[in-house]
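In what follows, a structure is listed as structure tokens, so that the remarks can point back to it.
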């Protein structure tokens, strides 16, 4: 059975100033999602699930429905503030959904195969999709999951600092710890550093970081559900608290419930965090089109 691709597209785009998931970046008006879907189909995925807010559904259906019809199965999962919140908590007062881990949980009903998770506004490259599709299609261990990692030198922005999950691996290439570093940038002397409490720590150019490209076996959903129930109860009155995918993976690893194989690849990642990133992404996609790596997306 072919794996499913979950696309995290419910974000608010606060720093970007708009719905960047649907913004046009390619030479013929393609979204970044168009490229991810193209690579996913080519790599062997069999279904796409868009995880979105209710108010975006009509736009997503209009834009992607005609493109996907007859090419790959697709569905929509709605991430709302109330999704999977324990009934006894009543109506939760917060404006943003609960984060990426919660988003995955919201796609439980639409997902019954091994699945991968990506961000809607990130370009990952074909190599990553092929690596993940091959793993998910052949893995027989229900508690073995995966992550496609990127070298940090290929993930920086010229327009400001970035947040990245810095990974530590064991000798066999399995994830031990992923630590979120919220202010990473390249200094004028070329050294990559992260800043924390006014202290600078150097990072090697080839340090593996998580770009939120995860692979899971479907048996993980009940675990995520129980984790989120506890999280929602504890953070009911913390409107900015977010339940992240790395939190899930860390819990699995630390409690002996799962392992995460990290696959490194040398592809250049690029994404959109700031409005100033758009010209850079547009230029990169035009270059790929000129090289013949991507056709016009109808």
Exercise for the section: Counting only C-alpha contacts under 8 Å and six or more residues apart, can you give the relative contact order of the stretch 4-290 as a whole percent? Expected result: 26
Fill in the blank from the handout: Ranked from fewest to most other Cβ atoms within 10 Å of their own Cβ, 55, 276 fall in the order 55, 276
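Assuming a ≥ b ≥ c are the square roots of the Cα gyration tensor eigenvalues, decide whether the stretch 155-262 counts as rounded (a/c under 1.5), prolate (otherwise, with a/b larger than b/c) or oblate. It would help to have the intermediate numbers written out before the result.
Values: a/c = 2.59, a/b = 1.50, b/c = 1.73.
Oblate shape, in that a/c is at least 1.5 and b/c is the bigger or equal ratio.
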Completion exercise
Rounded to the nearest 500, the 222 nm mean residue ellipticity computed for the chain from DSSP H runs (n ≥ 4, each -39500 (n - 2.57)) alone is -8000 deg cm²/dmol
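Can you tell me the length gained on complete extension of the stretch residue 257 to residue 293, counting 0.36 nm per residue apart and subtracting the Cα distance? Walk me through the numbers on the way to the answer.
Details: separation 36, 0.36 × 36 = 12.96 nm, distance 3.97 nm.
Using 0.36 nm per residue and subtracting the Cα-Cα distance, I get 9.0 nm.
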Completion exercise
Note: residue 240 to residue 174 extended length (0.36 nm per residue) minus current alpha-carbon separation gives 20.7 nm
Handout entry: Additional length obtainable on full extension of the chain from residue 200 to residue 62, 0.36 nm per residue less Cα span
Key = 45.0 nm
Fill in the blank from the handout: Taking the stretch 119-187, the equivalent ellipsoid from its C-alpha gyration tensor has semi-axes in Å, biggest first, of 26, 16, 10
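Provide the FRET efficiency to the nearest 0.05 for the residue 55-residue 28 pair, computing r from the beta carbons and using R0 = 25 Å.
Details: r = 26 Å, r/R0 = 1.06.
Working from the Cβ atoms, E equals 0.40.
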Exercise for the section: Compute log10 of I(q)/I(0) for the stretch 4-290 with the Debye formula, placing one identical point scatterer on every Cα and leaving out solvent, at q = 0.07, 0.16 Å⁻¹, to two decimals. Expected result: -0.25, -1.46
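As an exercise, use a Förster radius of 35 Å and the Cβ-Cβ distance of residue 138 and residue 91 to find the FRET efficiency, rounded to the nearest 0.05. Write out the running numbers ahead of the final one.
Numbers: r = 44 Å, r/R0 = 1.27.
E between residue 138 and residue 91, to the nearest 0.05, is 0.20.
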Exercise for the section: For each of 31, 95, count neighbouring Cβ atoms within 10 Å of the residue's Cβ, then give the residues from fewest to most. Expected result: 95, 31
Fill in the blank from the handout: Taking a label point 7 Å from the Cα of residue 127 along Cα-to-Cβ, the residues of the stretch 257-298 whose backbone nitrogen sits under 20 Å from it are 261-272, 281, 284-295
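Any read-out appearing in this document is the output of simple, stated calculations on the displayed coordinates, not a laboratory observation. None of the values given here were measured: they were computed from a predicted structure. In this analysis, Cβ positions are derived from the backbone assuming ideal geometry, glycine residues included, and neighbour counts consider all displayed protein chains.
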